[in-house]
Each structure stands twice: as C-alpha cells, then as structure tokens.
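The values are calculated or read from the model by the stated rules, or taken from the named source; none is laboratory data. Note that this is a predicted model, so its numbers are computed, not measured. Note that we place each Cβ from the backbone using ideal geometry, even for glycine, and neighbour counts take in every protein chain shown.
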Amino acid sequence: MKKHIGWILVSMMLFSAVSVFSQVNYRVIKVNGSIIYVRTGNSMTQGDIFTEDEDLSFQTPNSRAAVINPSAGRFILSPDNYEDLSSAKSNFLPAMSNLSTRGGIINNMTDLQNQFCDNIVILCEAGYFLNPYKFPMNENQFFFMKFEYKGEEINKKLSFDKNKLIISREEILKVDQMPIKEIDTPDISFNYYNNGVAEYISDFNLVLPNLEVFNSELRIILDESPDKSYNQKVNDISGYIFEFYGKADKQDVMSYLEKSFGLVKEK
C-alpha cells in the first residue's frame, strides 16, 4: 500500500514538473496604457517575462502590449472584454507579419492621398516613386510639408531624386540649417508646389520614434527570434512598427536595421 501511494506521489510530482515546463512564457516588448499583474500589483513593463496564465488587470480599454515567445511568435496582448474590464481576461492576438513592400509608382492624387494619411513613420529616410508626368519634381515643382516649431509655421521643402520623393528624418529635424530635437506636434500638412501655386494634398501624423526606446524594443524582437531568416525578421519588425507606430517604408526599415543592428540579407 505504501509503495502504491509512493508511486502516486511521484506521478503527481512528475505531472507538476511537466506542467511547469510546458507553460509558455512571453517577454514584453512594449506596453501602451497600463496593465497590472494581479498577483503582485506591479505594472507590466518592457522586458518582463510572464506565463500565459498570468492573471492580468487591464486599466483602460486601450491598454495593450506587444509580447513575444521564441517558438510561438509575437502577439498583441489585450483584454477580451472592453466593456467590463473588471472581468476581462488576457487575449493573445496573433501579430501582423509578412508585411509586403509598398508596391509600384504613385500615379495619381488618390494614390498620393491614400499614402500620405494616418501615421507615417520615418526612421532614417523614406523614398516614394511618383509618376513623373503627373507629379514632376524640379526647382519649380516640388513637394513640401508644413509643421509648427516653437509656435512658428515651418515650410519644409522635400528632397527628390528624379521621380523619387525623399523624406529624410535628418532634414525634417533641421530649421534654418540648425538641428532641432523635435517639432511641436506630429500634425503635418502635405502640399505640392507647382510653378508658383501651392496645392494642398492631405494631412498626416509624422512619427519620429525616440530611437533609444525604439532600439530597445527591436532588440527584444531580434533576441527572441534567433532562428528566423532575414526576411522573417524584417517582416516581423515591419509588422510591429505598423501596429504600434504607423506606416513605414520597408526599405527605410531594412536600411535602419542594417545601420543600427548590422542585420543584412543573406547572400
């Protein structure tokens, strides 16, 4: 009888050990809003590691976090009940990946307005190819942005290379040839100057991430993706940027990853 009880206890211990080791752990990349660990009362912060069955309290309906597991992948953690947060459980939504490069040439005004809307992310330098017959770019015909700096409206002429419109972070953060830290607000008016006539195109929010914080987020994604290919890493990071920052030019993302992390395409 004692032998039988002993085997039962051993079995229970083994089952418990298997359960612990089979739990999926997630690492936190970024937190928007406020998420609390019910067990400790601590706020969720970047770099935290927690199990999938951790009891979490979402403080606002828009509280969410980007989390990652090397095997399971990247997820967006959000409440499963936005109407009653007190009873909400954790919802792990599969994150976006395999984000394709913006394709083709911008041919008309509708294409242009659809591109330059919502949140536009610039890391280093983004390039957009335009129909040269519809939107010629030269000394008398060019694109410019309007934004505010220290309460003053700034007209920023945008660079170009033949039919390629260039938006450079370095050039944006320069007023009267002097570097500035940031603009007053992200609100941008996008315009086209055509032989003395300025034509309004659209408004968008310009997102210039704090690169120190941004790099810490990307480092977590890369550290938790050691076995992924170059394309998988680029697609995963492009998807993350889209979900938590806005639209980024994929070539800009690739150039930034090479410059900041030495990530280059396999030959």
- Message: Let me spell it out: the conditions are (1) of a type in the set (D, E, K, R); (2) modelled with pLDDT under 95; (3) surrounded by 10 or more Cβ atoms within 10 Å (Cβ to Cβ), and R27 meets all of them except one. Which number is the exception?
- Response: (2)
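Yes or no, residue by residue, for (1) loosely packed, with under 13 Cβ neighbours inside 10 Å; (2) in a strand (DSSP E or B); (3) small (G, A, S):
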position	(1), (2), (3)
N191	no, yes, no
E212	yes, no, no
E217	no, no, no
Y240	no, no, no
K265	yes, no, no
- Item | Conditions (1) within 27 Å of N32 (Cα to Cα); (2) among the acidic types (D, E); (3) in a strand (DSSP E or B): number failed by E199 | (1)
- Query: Which residue, of S229, S225, S216, is over 19 Å from the mean Cα position of the chain (by Cα) and not β-branched (V, I, T)?
  - Reply: S229
- Message: Going residue by residue through segment 58-73, is there one that turns out to be closer than 18 Å to R39 by Cα, touching a Pro at 6+ places or on another chain (Cβ under 9 Å) and in a strand (DSSP E or B)?
- Response: yes
- Task: Report yes if D252 is over 30 Å from K157 (Cα atoms) and among the charged types (D, E, K, R), otherwise no.
- Result: no
- State yes or no: is Q232 in contact with a strand residue (DSSP E or B) (Cβ under 7 Å, 6 or more places away or on another chain), assigned to a helix (DSSP H, G or I) and surrounded by fewer than 18 Cβ atoms within 10 Å (Cβ to Cβ)? no
- Query: Considering only segment 78-109, how many residues are polar (S, T, N, Q), over 25 Å from T51 (Cα atoms) and at pLDDT below 90?
  - Reply: 3
- Item | Among the residues listed as K156, K146, the single one being touching a strand residue (DSSP E or B) at 6+ places or on another chain (Cβ under 6 Å), closer than 17 Å to C124 by Cβ, part of a strand (DSSP E or B) and of a type in the set (D, E, K, R) | K156
- Message: Suppose we keep only residues that are in a helix (DSSP H, G or I) and among the aliphatic types (A, V, I, L, M) within segment 242-262. Which one would you say is nearest to L93 (Cα to Cα)?
- Response: V253
- Query: What number of residues in segment 151-209 are at positive phi and among the charged types (D, E, K, R)?
  - Reply: 2
- Message: Condition check: within 12 Å of V121 (Cα to Cα), of a type in the set (G, A, S) and surrounded by 11 or more Cβ atoms within 10 Å (Cβ to Cβ). Does A198 satisfy that?
- Response: no
- Counted residues in segment 175-186 being within 24 Å of the chain's Cα centre (by Cα) and exposed (fewer than 14 other Cβ atoms within 10 Å of the Cβ) come to 5
- Query: Out of segment 74-90, which residues are touching a Lys or Arg at 6+ places or on another chain (Cβ under 7 Å) and assigned to a strand (DSSP E or B)?
  - Reply: I76, L77, S78
